[in-house]
1. Taking into account only those residues within the range 60-80 that are surrounded by 17 or more Cβ atoms within 10 Å (Cβ to Cβ) and in contact with a Pro (Cβ under 9 Å, 6 or more places away or on another chain), which is nearest to residue 32 (Cα to Cα)?
2. Tell me which residues, restricted to the range 73-97, are more than 14 Å from the chain's Cα centre (by Cα), part of a helix (DSSP H, G or I) and either under 19 Å from residue 2 (Cα atoms) or among the aliphatic types (A, V, I, L, M) (or both).
3. Which condition does residue 31 not pass, out of (1) assigned to a loop (DSSP other than H, G, I, E, B); (2) at pLDDT below 90, if it passes all the others?
4. Please determine whether any residue of the range 29-36 is in contact (Cβ under 8 Å) with a residue 40 or more places away in the chain and open to solvent by 40 Å² or more (accessible area, probe 1.4 Å).
5. Please determine whether any residue of the range 58-68 is part of a loop (DSSP other than H, G, I, E, B) and modelled with pLDDT under 95.
Amino acid sequence: MTLRQIFQETQASRLYRFVHFPKPASEWTLDREVLVEEPDPNEPDHPIQPHPIAAGYHTSTLSSDIEHIVHYVDQLCGHVDDNERLSALQFYYHHGRRVFEDWRPAEDRA
């Protein structure tokens, strides 16, 4: 599944459990393939962190974290823009999993 598809699934309220990324955030693209884990009904809602990263992958995050970013970006931009979502997700990883305080859409950064 690509990151673009994850954004669309998230917007449609289809959440997975964990999303695993194969490269550092600076190398993520909208067409980058990511691995998604289906929810495990036996796993608690707030599992112990850090979650084990799938073999061959670089990092992982909860799908709900991506959901927060998607909704925040869409609200801030006033429209759906996958490039802005990607920018915010990269910012989130580069800045210690903080996006809501400092990230701004491209038109505000210019």
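1. Checked the range 60-80; the qualifying residue nearest to residue 32 (Cα to Cα) is 60.
2. Matches in the range 73-97: 76 only.
3. Tallying (1) assigned to a loop (DSSP other than H, G, I, E, B); (2) at pLDDT below 90, residue 31 fails exactly one: (2).
4. From the range 29-36, those in contact (Cβ under 8 Å) with a residue 40 or more places away in the chain are 29-30; that's our starting set.
Retained after the next criterion (residues that are open to solvent by 40 Å² or more (accessible area, probe 1.4 Å)): 29.
Yes, because at least one residue in the range 29-36 is in contact (Cβ under 8 Å) with a residue 40 or more places away in the chain and open to solvent by 40 Å² or more (accessible area, probe 1.4 Å).
5. From the range 58-68, those part of a loop (DSSP other than H, G, I, E, B) are 58; that's our starting set.
Then drop every residue that is not modelled with pLDDT under 95, which leaves 58.
Yes, some residue in the range 58-68 is part of a loop (DSSP other than H, G, I, E, B) and modelled with pLDDT under 95.
The values are calculated or read from the model by the stated rules, or taken from the named source; none is laboratory data. Bear in mind that the values here come from a model prediction, so they are computed numbers and not experimental data. Note: ideal-geometry Cβ built from the backbone for every residue, glycine included; neighbour counts use all protein chains shown. When the accessible area is computed, the model is the full protein with side chains, heavy atoms only, and any ligands, DNA or RNA have been set aside. Shrake-Rupley method; radii C 1.70, N 1.55, O 1.52, S 1.80 Å.
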